[in-house]
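Take a look at the structure below.
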Amino acid sequence: MHMSNIINAFTIDFEDWYQGLEIHKVETWHKFESRIERNCLKLLEILKAHDIRATFFVLGYLVEKHPKLLKMIHELGHEIGSHGYSHTQVFRLTREQFNDEIARTTDAIYKITCKQPLGFRAPIFSIVRDSYWALDVLAENGYKYDSSIYPTFNYRYGMIKANRFRHEITTESNRKIIEIPVATARFLRVNLPVGGGAYFRIWPYAVTRWAFRNLNKQGRPGVFYMHPWEIDPDQPKIELPMRLSLTHYHRLGSTEKKLHKLLDDFKFTSMSEVLGLDY
Ligand SMILES: [Zn+2]
């Protein structure tokens, strides 16, 4: 039984286990064991078991390397959005470099789906004050929504004062784009990041349930996100800086079980459906 009739958004930052680690750049990616296919199939099974359509924000690099896998995701009815090409944080790119990443990834996705992708999630939530111009580039490239501004605080990202809910932004060249952030919960006057990722693994499931139940009670959909490698406790362990290693490897074994609970307790669908966009 679902706890509410409000339908939340289920999103996946589609990248392999070593691609979100920052310390390994795109030129070295071919050296690592590829586990994206097996993890993706496992994830698709879970979504199917709960009859959920999701949004996959995919890396352009993976679209080029695994066209068949992407085709399968698309044919199962999931939405394909963009996660950039090389998993470089937006604020480390020039406007021109970012535009190139977006154009290349959009083209790669279009070749598979014959559809303009509508949504974008920046690598490591890297649309912050210094990279706000990126929203203009996205709108210019035909994107209708962005889910990259995390209204919380983290040592790597966050805009603590940003709007926590869906809103429209007018970009510098007067284009419109919808911003729909990952779920946060208001607690003791701070925004807790409760929308997934490492926090979902680290905190007991009850925290996520409390947060989504509260959002849904207010009539608001929550946005949840995860990575395929988070349901892969057997992924290779490599030497990482302490802080990264703590969040990357923490409680990988518990994620799948919690995920089933979440999907039993709440309704989910793709982002474009939550936003009422024509995809
Ligand atoms: Zn990522």
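The values are calculated or read from the model by the stated rules, or taken from the named source; none is laboratory data. As the structure is a prediction and not an experimental result, all values here were calculated from the model. Don't worry about glycine lacking a Cβ; one is built from the backbone with ideal geometry, like all the others, and counts go over all protein chains shown.
For beta carbons closer than 7 Å, sequence separation of 6+ or different chains, a first residue in segment 226-240 that is closer than 14 Å to G253 by Cα and a second that is acidic (D, E) and surrounded by 21 or more Cβ atoms within 10 Å (Cβ to Cβ), the qualifying pairs are H227/D13; H227/E15; W229/D16. Restrict the check to segment 196-208 and report whether at least one residue is part of a strand (DSSP E or B) and either of a type in the set (K, R) or modelled with pLDDT under 95 (or both). Yes, because at least one residue in segment 196-208 is part of a strand (DSSP E or B) and either of a type in the set (K, R) or modelled with pLDDT under 95 (or both). Checking R166, R220 one by one, the residue that is in contact (Cβ under 8 Å) with a residue 60 or more places away in the chain, over 26 Å from S131 (Cα atoms) and either in contact with an Asp or Glu (Cβ under 8 Å, 6 or more places away or on another chain) or not small (G, A, S) (or both) is R220 and no other. The residue list E172, E168, E179 contains one member that is at pLDDT 90 or above, in contact with a His (Cβ under 8 Å, 6 or more places away or on another chain), charged (D, E, K, R) and under 19 Å from A139 (Cα atoms), which is E179.
Contact annotation: residue pairs with Cβ atoms under 8 Å, 6 or more positions apart or on different chains, pairing a residue in segment 55-77 that is more than 12 Å from the ligand (Cβ to nearest atom) with a partner that is in a loop (DSSP other than H, G, I, E, B) and charged (D, E, K, R), are G77/R53. Return yes when G142 is assigned to a loop (DSSP other than H, G, I, E, B) and within 15 Å of the ligand (Cβ to nearest atom) and no when it is not. Here the answer is no, as G142 does not meet what is asked. Within segment 72-126, being surrounded by fewer than 18 Cβ atoms within 10 Å (Cβ to Cβ), among the small types (G, A, S) and not in a helix (DSSP H, G or I) holds for one residue alone: G77.
For segment 35-54, a residue qualifies if it is within 16 Å of the ligand (Cβ to nearest atom) and either basic (K, R) or over 17 Å from T105 (Cβ atoms) (or both), and the qualifying residues are R35, N39, C40, L43, A54.
In segment 165-178 there is no residue matching the filter, namely being part of a loop (DSSP other than H, G, I, E, B), of a type in the set (A, V, I, L, M) and surrounded by 13 or more Cβ atoms within 10 Å (Cβ to Cβ).
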